[in-house]
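Computed from the coordinates by the stated procedures, all read-outs in this text should not be read as laboratory data. Bear in mind the structure is a predicted one, so any value in this text is a computation, not a measurement. With ideal geometry, Cβ positions are generated from the backbone for all residues, glycine too; neighbour counts draw on all protein chains shown.
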Amino acid sequence: MSDALAELDHMLPTLSWVQIADRKGGAIKLSPIETAPEPRNLRRIKNEVARRWSAVPLIDVLKEAILRTGCLEKVASLTGGGHLEGQVLAERLMLLIYAYGTNCGIRSVTSGAHPHTEEELRYVRRRYLSAEVARMVAVEIANATFAVRDAGLWGAGSTAVASDSTHFRAWDQNLFTEWHSRYGGRGVLVYWHVERGSVVVHSQTLKASASEVAAMVEGAIRHGTTMKVEGNYVDSHGQSEIGFGITRLLNVDLLPRIKQINHVRLYQAEPGDAARYGRVAPALTRPVRWDLIATNDDQVIKYATAIRTGTASTEAILSRFTRSASHPAYQAMLEIGRAQRTVFVARYLRDRDLRRQIEEGLNVVEAWNGANAVICYGRGGEISTNRREEVEMTALDPPGGAGVRQHPHAAGRPGRRAVGGPAHPGRPARPDPTVLAARPPLRRGQAEHGRPAADHRPRWRAALRSRRSARHPRG
């Protein structure tokens with residue numbers, strides 16, 4: 001901490017974008033970073049992607065991800081087996097994942113051109129597809145993506161994730177619906193953890209009144225994938241002094257984007273730092289209470305170990321501390337967080353590359369949030385169920401079936417040029433036939449963009465007529 005303050009004080013005259021002085025609106029004044037230039041071939045890549053795959057149905061992308069990763073092979077073993085054949089079970093699970101991932105519902109998916117009825121799909125949903133299974137499928141797809149990703153195209157593996165929440169609207173009668181002041185509407189929150197290559201590593205549902213700091217910590221340490229998370233990008237509302245304290249104890253580097261940085265105060269490492277570091281003195285406040293940290297060191301380690309091992313959730317511990325803000329362990333964590341935030345802010349002010357890195361990471365998760373409105377289009381994007389597991393399935397299946405979103409075909413296999421073959425004029429490229437040769441396709445018939453294949457024959461009308469004629473025979 002002393003080294004961070006000393007380095008900021010030494011470099012401050014050379015930093016043209018930072019000013020620290022006594023001001024009524026705050027001591028720190030930070031200029032925004034310049035817009036990065038657009039890569040040379042970005043527009044050409046976008047145009048080529050749009051030419052090849054602009055009209056690929058979502059169900060095809062999901063099917064391709066399932067066949068390439070084999071993410072459904074462990075479902076039967078996890079749920080205790082069953083009497084269904086593997087291919088039949090895979091087809092029904094895929095339709096269920098699509099139903100929850102797009103928020104269309106099971107009844108809408110049963111209208112497609114496939115032999116599976118609504119009763120059969122609901123049985124598979126009750127018997128095989130739980131929130132635990134959906135989370136396992138999400139982990140399998142993420143791990144498969146990490147395993148086949150081409151470092152030449154996507155860069156080296158990242159150890160940092162970006163996290164943010166998305167607001168899903170819900171009906172007023174929904175028991176989980178709460179009004180959210182920041183989003184200005186009723187609904188529930190889904191909190192995502194997305195790595196820099198646009199792969200979701202964790203998702204969870206939250207109430208509007210829940211702590212996003214607790215959700216950030218839970219996703220960073222209990223995501224379940226092979227990725228080693230060492231850093232977490234968050235927006236201003238995802239960081240606090242207690243958040244810095246907990247992440248420091250868990251060896252996770254909290255990297256927030258601080259909007260109102262003019263109101264941030266730096267803490268002194270030792271008494272007399274204000275005189276020792278004169279250039280940053282206007283932004284300094286009282287020294288950190290190291291004696292309080294030393295006195296409650298064992299209690300702090302006990303709570304951090306409980307969070308890491310899962311014997312207690314971060315939300316439960318923070319709720320307990322909120323009810324008793326004078327708890328000595330909580331006060332010690334706050335002092336640790338103040339020291340850690342001082343170190344981070346000193347680095348944040350002098351390192352423009354760090355600021356750009358945080359902006360890039362948060363842009364990824366913001367783009368992910370924007371995709372939700374396109375993919376989760378059913379029922380106008382509103383969650384209508386009152387069952388907690390159903391709400392969790394809606395949140396888990398978009399990344400779990402991320403077939404729809406995180407498709408691991410980008411790297412491909414050695415010696416393979418691309419996913420699709422040459423495109424027919426006016427028609428998108430089809431999936432690689434060699435990948436699907438081992439098994440027949442899970443979906444039959446043609447489909448509209450973004451919807452499962454529809455069977456336009458009014459079978460329900462014929463069944464209704466037959467029942468009416470049986471009840472009221474003529475003559």
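List the lysines whose alpha-carbon lies under 25 Å from that of Lys29, not counting same-chain residues fewer than 8 positions away? The qualifying lysines are Lys259.
Among Tyr100, Tyr277, sorting on how many other beta-carbon atoms sit within 10 Å of each Cβ, with the fewest leading, yields Tyr277, Tyr100. A cut-off of 5 Å between modelled amide H atoms, ignoring neighbours fewer than 5 places along the same chain, links Ala113 with Ala453, Ala454, Asp455. Treating only the Cβ of Lys, Arg, Asp and Glu as charged (+1, +1, -1, -1), what charge dipole size does the range 94-133 show about its Cα centre? Round to the nearest 20 debye. The calculated dipole for the range 94-133 is roughly 60 debye.
With one equal scatterer per alpha carbon and no solvent term, the Debye-computed log10 I(q)/I(0) for the range 27-105 at 0.18, 0.26 1/Å reads -0.87, -1.23. Taking the Kirkwood radius as Rh and the Cα radius of gyration as Rg, the range 155-216 has a ratio of Rg/Rh equal to 1.08. Derived scalar couplings between HN and Hα for the range 326-337 equal 8, 4, x, 5, 5, 5, 5, 5, 4, 5, 4, x Hz in order, rounded to whole Hz, by the Karplus curve 6.51 cos²θ - 1.76 cosθ + 1.60 (θ = phi - 60°), x for Gly and Pro. Rg and Dmax over the alpha-carbon atoms of the range 1-154 stand at 25.9, 74 Å.
FRET efficiency for the Thr159 to Arg352 pair, using the beta carbon distance and R₀ = 30 Å, is estimated at 0.90. This ranking places Trp154, Trp368 by how few other beta-carbon atoms lie within 10 Å of each, fewest first, which gives Trp154, Trp368. Among Thr166, Thr305, the order by Cβ neighbours within 10 angstrom, fewest to most, reads Thr305, Thr166. Kirkwood radius and radius of gyration were both taken over the C-alpha atoms of the range 1-67, and their ratio Rg/Rh is 1.38.
The fraction of Cα-Cα pairs per 5 angstrom bin, counted from 0 for the range 187-312, comes to 2, 9, 16, 18, 18, 15, 10, 7, 4, 1, 0 percent, rounded to whole percents.
The local environment of Leu249, defined by Cβ-Cβ distances under 11 Å, has a net charge of +2 under the rule Lys, Arg +1 and Asp, Glu -1.
Sorting the segments 287-296, 56-65, 175-184 by their mean number of nearby beta carbons within 10 angstrom, highest to lowest, gives 56-65, 287-296, 175-184. Less than 5 angstrom separates the built amide H of Ile383 from those of Arg169, Ala170, Trp171, all sequence-distant by 5 or more or on a different chain.
In the P(r) worked out for the range 333-403, what percent of Cα pairs fall beyond 14 Å? Across the range 333-403, Cα pairs with separations above 14 Å total 75 percent.
Our analysis of the range 92-208 gives Rg over Rh at 1.04, with the two radii drawn from alpha carbon positions and Rh computed by the Kirkwood formula. Within straight-line reach of Lys74, meaning a Cα separation under 18 Å, sit the following lysines at least 8 residues removed in sequence or on another chain: Lys63. Of interest is the spacing of the C-alpha centroids, which for the range 66-135 and the range 154-203 amounts to 24 Å. Stokes-Einstein diffusion coefficient for the range 239-372 at 20 °C in a medium of 1.002 mPa s, Rh from the Kirkwood formula over Cα pairs: what value in µm²/s? The diffusion coefficient I find is 130 µm²/s.
The value obtained for the range 65-153, namely the Cα convex hull volume divided by the number of residues, is 108 Å³ per residue. Net charge of the neighbourhood of Glu119, taken over other residues with C-beta under 14 Å away and scored Lys/Arg +1, Asp/Glu -1, is +4.
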